[in-house]
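None of the figures in this text is laboratory data; all of them are computed from the coordinates on show. Computed from a prediction, not measured in an experiment: that's the story for all the values here. Glycine also receives a Cβ, built like all others from the backbone with ideal geometry; neighbour counts cover every protein chain displayed.
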Amino acid sequence: MAEPASTNPAHAHFESFLQAQLCQDVLSSFQGLCEALGLEPGGGLPQYHKIKAQLNYWSAKSLWAKLDKRAGQPVYQQGRACPNTKCLVVGAGPCGLRAAVELALLGARVVLVEKRTKFSRHNVLHLWPFTIHDLRALGAKKFYGRFCTGTLDHISIRQLQLLLLKVVLLLGVEIHWGVTFTGLQPPPKKGSGWRAQLQPSAPAQLANYEFDVLISAAGGKFVPEGFTVREMRGKLAIGITVNFVNGRTVEETQVPEISGVARIYNQSFFQSLLKATGIDLENIVYYKDDTHYFVMTAKKQCLLRLGVLRQDWPEIDRLLGSANVVPEALQRFVRAAADFATHGKLGKLEFARDAHGRPDISAFDFTSMMRAESAARVQEKHGARLLLGLVGDCLVEPFWPLGTGVARGFLAAFDAAWMVKRWAEGAGPLEVLAERESLYQLLSQTSPENMHRNVAQYGLDPATRYPTLNLRAVTPNQVRDLYDVVAKEPVRRNSDKTDAGKLAAGSAGTQEELLRWCQEQTVGYPGVHVTDLSSSWADGRALCALVHRLRPRLLEPSDLQGLGALEATAWALKMAEHELGITPVVSAKAVVAGSDPLGLIAYLSHFHSTFKNVPHNPGGLEGPASQGFPGSSSAVLFLGKLQRTLQRTRAQENGEDTGGKKPRLEVEAKSPSTEEPPAPESGVPPTPPSQPQEAGAGDLCALCGEQLYILERLCADGRFFHRNCFRCRTCEATLRPGDYGQHPGDGYFYCFQHLPQPGHKEDGPDPGPKSQDLPTPDENSMPSGPSTVIPQEGTSPVPNPRQPTRRLIRLSSPERQRLSSLKLTPDPDLEPPPKPPRSCSALARQALEGSFVGWGIPVRSPQGTCFAQMHSPRVGGTGISERGMPGNGKGGHGAQDMSTPPFSCCGHEGGAGTESSLQ
Ligand SMILES: NC(=O)C1=CN([C@@H]2O[C@H](COP(=O)(O)OP(=O)(O)OC[C@H]3O[C@@H](n4cnc5c(N)ncnc54)[C@H](OP(=O)(O)O)[C@@H]3O)[C@@H](O)[C@H]2O)C=CC1
């Protein structure tokens, strides 16, 4: 029996809200709902509970049941996990909205800014099973009845945004439209917080909003300053997307989708297409949602031949720039391709319109993909810390044919929200960053196959999603460069105590506070009596005590007696760098000589700012008093550990037998460096990139020659560098403590991965660009020089540490070969895909089971011999694979054929393929 129509106006608003299909309608119906209920939108979780309490009729209750189930997961602690956390989310794309949902469920205050004013992107996204489950659990079906009906595993971007927008509004997220985030406003003084610079100028409430977490989900075009972005280039690949109006007629409904068909699997289709239309494609996909959406990879020569491109420019931007694309020819091109692929059954193919009212067609280059080097950072100024995280395309641009975009985008959103939870729990900045980077390492390897099978259990906790989770894969000492204590005030060397006071105030509160903290940490250690921030540290004992207090288990028990001040200080600096992630901004010699007072204060400030929130535990950070209780015998033991380790190391260096027991620290630091500048060896060219300067003696970075403020310093090999200048000579990745080495031959620094081995053929004074490492010039796309730094527009060629840096990654020969053999490249970061099956039959089984889904079956068979039957076309005539091959409910093998990863199978690959190539 039909329910009687409700007379409650709130019910009507709520129903409109559920059904709204335009962003403006969602917002206005929600506003109407809030007004009817006497609520102010953006009120956080309490607002959700109030709405729920007042709307308890059947239609609403089924939605509340879903949202309550999610919100009731223990990880959210009933919305009290982050009660004092204030977040700003930039970008209302699918990933920004998804992150906002999680932050709201944690009980954080969430404000979101989006520069657009409507959702207009029709393009259709492939969904992994977990994303489908996740969205269903958030009530997707209530908001969008057609959501993933049957075996459909995709949704248009705007529909996805719409349904997530509804969720975030209900959860009390405050949203500002038409507002662009342009940068951060650091706190002007102690006691104030971080704010956003916005355009156009925002209302006072938003302009004055102080937040401690910034999540950037602003898409691939915007990465906040401070983050470094890598660019990965492959062989030229021109993608074309087009959306046609979906009139939802019976005929249109009956046209089968094309989950994806690639040339290598269906040559006859592409040959017929070429013959009939002159169109030469590598692959094509057709999805149906609000629109008929086609995406294809076109060959450049055919675009030139058909007059779509006017001229063949070597620069991709110019090649695909609006001045070089003929719109009418492009329209003819896509119409013909779509018509051919669907046997003309879609009728007249009227173009859907984009945000500007133009036909929704886009030709784009996916030769290049961006990836942030780190997923998070912490900035601190005047004692106010800001946690910054990236999610979505802002973090990693997806390689679209792999269909990874939104799935990995959601994973990153979860991981970022988990990071915020850890932050709110009081975990130290380096710990939080290290965990986040550990998770980030996993992201690009994820596929539906190598994640937990039970998608229903997926939650915020990474352990529910990643089976091979190691939150300590990256250690705190490796992320210290992501923790940025902002010192805007120029701090000059050789300046007076006033400057020292400013420095201390900028990083660790007042000098008095710093001194008090140091005294607390070192109290009870025999022979250690800290009374100041200079001479008390000259004998090295106080520094060793401080390090030991924070990491009691670093050294073997022994006796300190007889250890020199310089050695002890050098050891403390080295241990702090490797074990605690404290950047050595001062040299041992300067500490002992007292010649760099500001450097010492800055250095101690790093300890303070990193560990000040750790409750004072006389047993040290690592555990109970038994591990090293200052003031007790264990403190004496500690001081002894140091000497014994040094003695053993010296003995080893002298070739003496140490009884087979290798001191632990020896691995990390072979000899205690006293930070003396090394004397240039004869026959060795000048130590690059500049002559060593005595640590502590200069204000300039040894690499870029620019002003180097103390808090930006990194000391290595007796020279000072900007942290962001200190990069691997080969790959240019920022070098992290404990993860770099200096090559004795050329004197350059390298990450461990690229540190040349002794005797390596490239060993030599100055290898310079190595031709074998340089990409082969290749169809407009491969860089032709050595690893290149591409400065952002308007910046100098020297990377600005505060600006995102775009860098080309120089590919090794095998990588290059691999890429050039592909039209569609695998995942941009070149991490190995899941190990493919070793036999044809295993492959066939897995493919049919959908266990190599995503977009890429890691096999290749140009002749189609190996998979001829399994991959044979099912749709008559065109030979295009229909979605849903037998037994494959996950999108059909066609969806997997879009990429041509560098694998072959059972030697059927026509020469190149061998069994071993499956490794
Ligand atoms: N064409 C396609 O097929 C596209 C597909 N996607 C898919 O969507 C997935 C999720 O993308 P997601 O990471 O959420 O990013 P999105 O690009 O979807 O969303 C980012 C949003 O933030 C806006 N924005 C950008 N800069 C700012 C700023 N400074 N201040 C405020 N707002 C800003 C963007 O506007 P604007 O766009 O105007 O810059 C955009 O609306 C991707 O993985 C990909 O799969 C994403 C983009 C395009």
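Neighbour counts of C-beta atoms inside 10 Å place SER192, SER438 in the sequence SER192, SER438, starting with the fewest. As a rough guide to protection, the peptides 525-532, 566-573, 201-208 ranked by mean Cβ packing within 10 Å, highest first, stand as 566-573, 525-532, 201-208. Output the pairs from LYS118/LYS288; LYS189/LYS589; LYS235/LYS275; LYS66/LYS288 with a Cα-Cα distance over 29 Å in this structure; if there are none, say none. The pairs that break the limit, which is 29 Å between Cα atoms, are LYS189/LYS589. Each residue, GLN254 and ARG472, gets one label point 7 Å from its Cα in the Cβ direction; the gap between the two is 6.4 nm. Which of the three applies to segment 235-366, rounded, prolate or oblate, going by the alpha-carbon gyration tensor with a ≥ b ≥ c and a/c under 1.5 meaning rounded? Verdict is oblate for segment 235-366. Taking amide H as placed 1.01 Å from N in the peptide plane, the amide H of PHE351 sits under 5 Å from that of VAL245, each at least 5 places away or on another chain. In plain terms, the residue of ARG116, ARG335 with the fewest other Cβ atoms within 10 Å comes first and the most crowded comes last, giving ARG116, ARG335. Does anything in segment 535-549 have its amide N under 20 Å from the 7 Å Cα→Cβ label point of ALA593, and if so which residues? Inside the label zone: 535-541, 543. Going from the residue with the fewest nearby Cβ atoms within 10 Å to the one with the most, GLU315, GLU437 rank GLU315, GLU437. Pairs exceeding a 28 Å alpha-carbon distance, out of LYS86/LYS221; LYS50/LYS141; LYS86/LYS381; LYS166/LYS190; LYS141/LYS221: LYS166/LYS190; LYS141/LYS221.
Computed packing ranks the peptides 467-479, 359-371, 67-79 as 359-371, 467-479, 67-79, most packed first, by mean other Cβ atoms within 10 Å.
Check VAL474: other-chain or 5+ apart residues with amide H under 5 Å from its amide H, H built from backbone geometry? Counting only residues 5 or more places away or on other chains, the set is SER438. Sorting the segments 263-272, 410-419 by their mean number of nearby beta carbons within 10 angstrom, highest to lowest, gives 410-419, 263-272.
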